[in-house]
1. Which ordering of THR83, THR65 is given by a fewest-first count of other beta-carbon atoms within 10 Å?
2. Could you sort the peptides 66-75, 146-155 by per-residue average Cβ neighbour count (10 Å cutoff), highest mean leading?
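Derivation of every value follows stated rules applied to the coordinates shown; laboratory data play no part. As the structure is a computational prediction, the values presented were derived from the model and not from experiment. Here the Cβ positions follow ideal geometry from the backbone for every residue, glycine too, while neighbour counts run over all protein chains shown.
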Amino acid sequence: MAALIGLSVAWGAETPGDLGITGAASGEDARDTEAPEAVPDIELESLLRLPSGWQGKEDRRQGLTAGQWRDRFAELVREREETEQGMEEARRELDAMAGEGGAGTWQMGAPGSNNTEVMPMSYKHREMIRDAKEQLEEIRRKERALGIEADMAGVPGGWRTPEPAPTR
């Protein structure tokens, strides 16, 4: 035990100086550093009080907040726009193929049928357009259902439009 005490005394003697709370050496070096700024005195009661603008509970309709209703409407708008863009792109590609002259537009139909609709020869693009039309019809049904649900819940009109993007 005496050896440990001697070791600690010897080690303590080799240190250049003790360090203070801030990590600066105490003694002469500590006097050269600036004093920390005073912290304002805040009473405990002021920390325990709620802000004056706090209302207690957020306005909800059918269990959803304004932001959640906006998100639901915005999701349908985004989905519809993506589908419309895909359909327009497929139509542009079909028009480009028809204008090249190689594919041309042909009247297609079973022999003996009276189907005189002019249809381009790209099956892939026709299917893309047909699928997009079906998706748009489904989105319209979802929009109607969400509108009816919002009407029944008494959702204000401001909650039905997406929030404008913040300007920078």
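1. THR65, THR83
2. By packing density, highest mean first, the sequence is 66-75, 146-155.
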